[in-house]
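Here it is, the structure in full.
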Amino acid sequence: MARYLGWAPAVGLALAAVALAGCGKKAEAPVAEAVVSVTYVKASPLQLSDDLPGRVVAFRSAQIRPQVAGIVQRRLFTEGGQVRAGQPLFQINASPFQADLDSADAAVQRAQAVRARAEIQVDRLRGLLATEAVSQQVYDDAAADLAQAEADVAASRATAARRRLDVAFATITSPIAGRIGAASVTEGALVGTGDTTPLATVNQIDQVYIDVRQPVARLLALRAAGESQAPVEILDADGAPMNLRGRLLFSDLQVDPSTGEAVARVLVDNRSGRLLPGMFVRARLPRGPATSLPQVPQQAVFRQGEQAQLVVIRGDGSSETRSVQVGDVVDNSYVVLSGIKAGERVVVEGRDKMAPGAPVKLVVWKTPPITDR
């Protein structure tokens, strides 16, 4: 018992000394590594494009106007419906024109009767002239009367043909096939050839044009690159795809002298009838031939003032901040026009955690799913 008591104070003194030494100097904690997401720059062929506002124009448009004056008796179509070429649209009262035609036909018969009598007279006098029973003057007068009668027949026939046209014009038909709009007149209205407002309008919209504006230099570059047959995607006014495509018509290229922009036409197959004349849409025109350009995620690009920059990881693991020139955003990635090349590594997330001399742990950045535009 006495032996145990003598050892215990010594142990206590040793433990106290250790505790005092620990209080005099704190243990240093290890520095945590900064986790940084990186990705390799990839290059792939890209078709850069511009979404340009445009307006739908009918492939063909016909204003329905009367060719004779009269009272509209009937409207022969359904407003907003499809009509075929030659289909009757309006019926004007044809009774006055039919009466004029009957009178003209009678005039033709009268002129033919006069000509027949003149022919008989010339034939009779020709035989008498051979025996000198009549003078040459008498015969010449009869021949002149025959020529006059033949001219009267021709004139009366022309008048009858014109009156027959008036009867036909009383039935107003469509010159083209297409969709007809609302009628501007109703039954009982008096219409004339000098009216400024058409009776209706027919638009052929199985194909339509979309007129778009673009800098003329860009369109000329497209033509020089042979991209005249490149497909043009059609979007609605909000930029949503309509699953319609067209082709650019360089033959209809016109330059607006006030703006220097070119007005180009895109021909679109519109058998579905979704595009209507006057609608505002967007046309996604190619900016040139497909080009292989590097792309980086949008999160990797930051700006110093107006200058776009990237943090690039060198081959030895060190980093540098590099200025780049970026272009369009395609599938949530910037197209880099200059400043970086395919195969280099860039920091996508975590660059704010990087500090000089601090350890960095590089992890592969996982591409998020692409959302529909």
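Can you tell me the convex hull volume per residue for the chain, based on C-alpha atoms, in Å³ to the nearest whole number? Write out the running numbers ahead of the final one.
On the way: hull volume 111.0 nm³, N = 373.
Convex hull of Cα atoms, per residue: 298 Å³.
Taking the Cα centre of the range 95-168 as origin, sum charge times position over the Cβ atoms of Lys and Arg (+1) and Asp and Glu (-1), and report the length of that vector in debye to the nearest 20. Present the calculation step by step, with values, prior to reporting the outcome.
Values: 9 positive and 12 negative charges, 46 e Å.
Dipole about the Cα centre, nearest 20: 220 debye.
So which helices of the chain fit the span-like rule, where a helix is a whole DSSP H run, its Cα atoms reach 20 Å or more along the axis, and its mean Kyte-Doolittle is at least -0.5?
Details: long enough: 2-24 (35 Å, 1.33); 95-130 (53 Å, -0.18); 136-169 (50 Å, -0.23).
Answer set is 2-24, 95-130, 136-169.
Counting alpha carbon pairs within less than 8 Å and at least 6 residues apart, what relative contact order, in whole percent, applies to the range 95-168? Don't skip to the answer; put the middle values down first.
On the way: 58 pairs, mean separation 39.9, N = 74.
Contact order relative to length: 54 percent.
Taking the Cβ of each residue in GLU344, GLU33 as the centre, tally the other Cβ atoms inside 10 Å and list the residues starting with the fewest. Kindly include the intermediate steps, with their values, before the conclusion.
Values: GLU344 16, GLU33 12.
In order of increasing Cβ crowding within 10 Å: GLU33, GLU344.
Still on this structure: Suppose a student asked you for the relative contact order of the chain, using Cα pairs under 8 Å spaced at least 6 residues apart; what percent would you report?
Details: 690 pairs, mean separation 101.7, N = 373.
Computed over the chain, the figure is 27 percent.
Per DSSP H run of n ≥ 4, the term is -39500 (n - 2.57); total these for the chain, divide by its residue number, and report the mean residue ellipticity at 222 nm rounded to 500 deg cm²/dmol. Please list the in-between numbers first.
Numbers: 4 runs with 102 residues, N = 373.
When only DSSP H runs of four or more count, the value is -9500 deg cm²/dmol.
Check which residues have an amide H placed less than 5 Å from LEU293's amide H, if you skip close sequence neighbours.
Amide H neighbours of LEU293: SER44, LEU46.
Relative contact order for the range 117-257: what is it in percent, counting Cα pairs under 8 Å that are at least 6 residues apart? Don't skip to the end; give the middle numbers.
On the way: 86 pairs, mean separation 17.8, N = 141.
With pairs under 8 Å counted, the relative contact order is 13 percent.
When SER184, SER319, SER44 are ordered from fewest to most other Cβ atoms inside 10 Å of their Cβ, what list results? Mind showing how you got there, number by number?
On the way: SER184 14, SER319 19, SER44 11.
Least crowded to most crowded, the residues run SER44, SER184, SER319.
Then there's this: Quick one: dipole size for the range 157-207, taken about the Cα centre, charges +1 on Lys/Arg Cβ and -1 on Asp/Glu Cβ, in debye to the nearest 20.
That gives the range 157-207 a dipole magnitude of about 340 debye.
Sticking with this one: Between ASP211, ASP123, ASP51, find the one with the highest GNM mean-square fluctuation for the chain; connect C-alpha pairs within less than 10 Å.
Taking springs between Cα atoms under 10 Å, the residue moving most is ASP123.
Counting Lys and Arg as +1 and Asp and Glu as -1, what is the net charge of the other residues whose Cβ lies under 15 Å from the Cβ of VAL138? Don't jump to the answer; show the numbers that get you there.
Details: positive: ARG124, ARG126; negative: ASP123, GLU132, ASP140, ASP141, ASP145.
In short, -3.
Give the long-range amide H neighbours of LEU76: residues separated by 5 or more places, or on another chain, with amide H under 5 Å away, using H modelled in the peptide plane at 1.01 Å from N.
PHE90, GLN91
Each reported figure results from applying straightforward, stated rules to the coordinates on display, with no laboratory input. Computed from a predicted model, the values in this text were never measured in an experiment. Heads up, the Cβs are rebuilt from the backbone with ideal geometry, glycines too, and the neighbour counts pull from every protein chain shown.
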